[in-house]
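Novice: Before I ask anything, let me first share the structure, which is written out below as structure tokens.
The values are calculated or read from the model by the stated rules, or taken from the named source; none is laboratory data. This is a predicted model, so every value here is computed, not measured. Here the Cβ positions follow ideal geometry from the backbone for every residue, glycine too, while neighbour counts run over all protein chains shown. Calculation scope for accessible area: heavy atoms of the full protein, side chains included, ligands and nucleic acids excluded. Shrake-Rupley method; radii C 1.70, N 1.55, O 1.52, S 1.80 Å.
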Amino acid sequence: MFSVRMPRFPVMALVFALPAAAAVFVPTVRIGPNKDVEMQMIAFGTYRHSLTSCDVISGVMQWLELGGRHIDTAHDYGTEPDVGKAIRLSNVPRKEIFITTKIPGPIGRDAVKTLVLNETLPKLGTEYAARRRIRWRDVERELSGSASGCLQVDLLLIHTPCLERSDFPNKCGSKLRAERLDTYRGLMELRAAGKIRAIGVSNYLAEQVEEVVAELKEAPAVNQVEWHLAYHNETLRQRMESSSVRLEAWASLAGPTGQGSPSISLADERLKKVAGRYNMSTAQLELRWETLRGVVPVTATCSREHAVGDMNSFNFNLSNEDLDYLDSLPALMETSLLL
């Protein structure tokens, strides 16, 4: 079973500049092979199409101001420089912020190390952003006198198990197995060098996660997948939990990142009825359903009110009956479509 911890972040950093009732602690979870990396249990996503009325820098800065400390970005989003700038402009110490980023699919050991050292870290503006091109042997030489080096990215994910988008939704199965494992080995070397703290994957099938466990004798810290009320795979969740892999949810409220998947509107009367019993919004209801199932949601909003609401979604618990009912909504939706 997964455990949830109260945050290590300073209390004052998590108290919103709002009435006292809005003050909240965002729980954290521990990830990684040794469970020694602490991660806040809700993240702010920086996929540009999710932010309809603000830019990435403004959205990230507002999230940090309100107490959020987990920021999610990716090479393919093109938002790593924005995240780095927002962090530098904020008054929040870097050590309090948890940065997740993603590198493109299985590109191999050497390519992933070159990408992270020469693009990912400089774009984020972290301490190791050198002006010259970085070679791996230079990193090894620099770290030879240091036990851990300089920690840079908290969590780095392989964004997809495939190289081509056309491989979805089947996710290319066992194809590219060798390339996936080689890329993961490159990330393990970066972790050993102190450039990343935890390694994960994204959009992986259970069988693709199990490739890593079988071959490399460790489980990815995280598997980030599409997950919301109308689109969730309980078999995947159970298999990830049995391997101590934390699931994260992109498109946690469906919305613009759902990309054609089934969705349940936040205006759905069934959600309103359940949310009303707890005096919470339907967005808070869906986020709490995810976190109580052990899934870490990635959310995105330009609205200050919605950002506060997202972080306040930990302020209540759902009954087992309501959890089971929400689990069943996709089946109910499919039945209604057939009528």
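Novice: More than 30 Å from Ile199 (Cα to Cα), more than 16 Å from the chain's Cα centre (by Cα), in a loop (DSSP other than H, G, I, E, B) and aromatic (Phe, Trp, Tyr) - does that describe any residue in the range 306-318?
Specialist: Taking every residue of the range 306-318 in turn, at least one turns out to be more than 30 Å from Ile199 (Cα to Cα), more than 16 Å from the chain's Cα centre (by Cα), in a loop (DSSP other than H, G, I, E, B) and aromatic (Phe, Trp, Tyr).
Novice: Just give me the residues in the range 235-291 being aromatic (Phe, Trp, Tyr) and either within 19 Å of the chain's Cα centre (by Cα) or within 23 Å of Asn223 (Cα to Cα) (or both), in sequence order.
Specialist: Scanning the range 235-291 gives Trp250, Trp289.
Novice: What number of residues within the range 279-292 are open to solvent by 30 Å² or more (accessible area, probe 1.4 Å) and in contact with a helix residue (DSSP H, G or I) (Cβ under 7 Å, 6 or more places away or on another chain)?
Specialist: Counting residues in the range 279-292 that are open to solvent by 30 Å² or more (accessible area, probe 1.4 Å) and in contact with a helix residue (DSSP H, G or I) (Cβ under 7 Å, 6 or more places away or on another chain) gives 2.
Novice: Still on this model: If you check Leu247 against the conditions, is it in contact (Cβ under 8 Å) with a residue 12 or more places away in the chain and either open to solvent by 10 Å² or more (accessible area, probe 1.4 Å) or part of a helix (DSSP H, G or I) (or both)?
Specialist: Answer is no for this residue.
Novice: Of the conditions (1) part of a helix (DSSP H, G or I); (2) among the aliphatic types (A, V, I, L, M); (3) open to solvent by 10 Å² or more (accessible area, probe 1.4 Å), Ala267 fails just one. Which one is it?
Specialist: All conditions are met except number (1).
Novice: I've got another one for you. For the range 174-196, check the following and say yes or no: at least one residue is part of a strand (DSSP E or B), under 20 Å from the mean Cα position of the chain (by Cα) and modelled with pLDDT of 95 or more.
Specialist: Checked the range 174-196: at least one residue is part of a strand (DSSP E or B), under 20 Å from the mean Cα position of the chain (by Cα) and modelled with pLDDT of 95 or more.
Novice: Let me ask something additional. Search the range 80-116 for residues being assigned to a helix (DSSP H, G or I) and closer than 15 Å to Arg185 by Cα, and hand back the single one that is most open to solvent (accessible area, probe 1.4 Å).
Specialist: The residue in question is Asp110.
Novice: Now a separate question. I'm trying to understand the selection: among the residues of the range 210-237, which are in contact with a helix residue (DSSP H, G or I) (Cβ under 9 Å, 6 or more places away or on another chain), part of a helix (DSSP H, G or I) and not β-branched (Val, Ile, Thr)?
Specialist: Hits for the range 210-237 are Glu210, Glu211, Glu215, Leu216, Glu234, Leu236.
Novice: Another question, then. Can you confirm whether the range 41-48 contains a residue that is modelled with pLDDT under 95, open to solvent by 20 Å² or more (accessible area, probe 1.4 Å) and farther than 20 Å from Glu189 by Cα?
Specialist: yes
Novice: Something else: Anything in the range 159-173 that is surrounded by fewer than 18 Cβ atoms within 10 Å (Cβ to Cβ), assigned to a loop (DSSP other than H, G, I, E, B) and of a type outside the set (Phe, Trp, Tyr)? List them, or say none.
Specialist: If the condition is that a residue be surrounded by fewer than 18 Cβ atoms within 10 Å (Cβ to Cβ), assigned to a loop (DSSP other than H, G, I, E, B) and of a type outside the set (Phe, Trp, Tyr), then Leu163, Glu164, Pro169, Asn170, Lys171, Gly173 are the ones that fit.
Novice: Does the range 207-217 contain at least one residue that is under 24 Å from Val26 (Cβ atoms) and either in contact (Cβ under 8 Å) with a residue 40 or more places away in the chain or among the acidic types (Asp, Glu) (or both)?
Specialist: No, every residue in the range 207-217 fails to be under 24 Å from Val26 (Cβ atoms) and either in contact (Cβ under 8 Å) with a residue 40 or more places away in the chain or among the acidic types (Asp, Glu) (or both).
Novice: Consider Leu156 carefully, then state whether it is outside any strand (DSSP E or B) and either open to solvent by less than 10 Å² (accessible area, probe 1.4 Å) or at pLDDT 90 or above (or both).
Specialist: So Leu156 fails the test.
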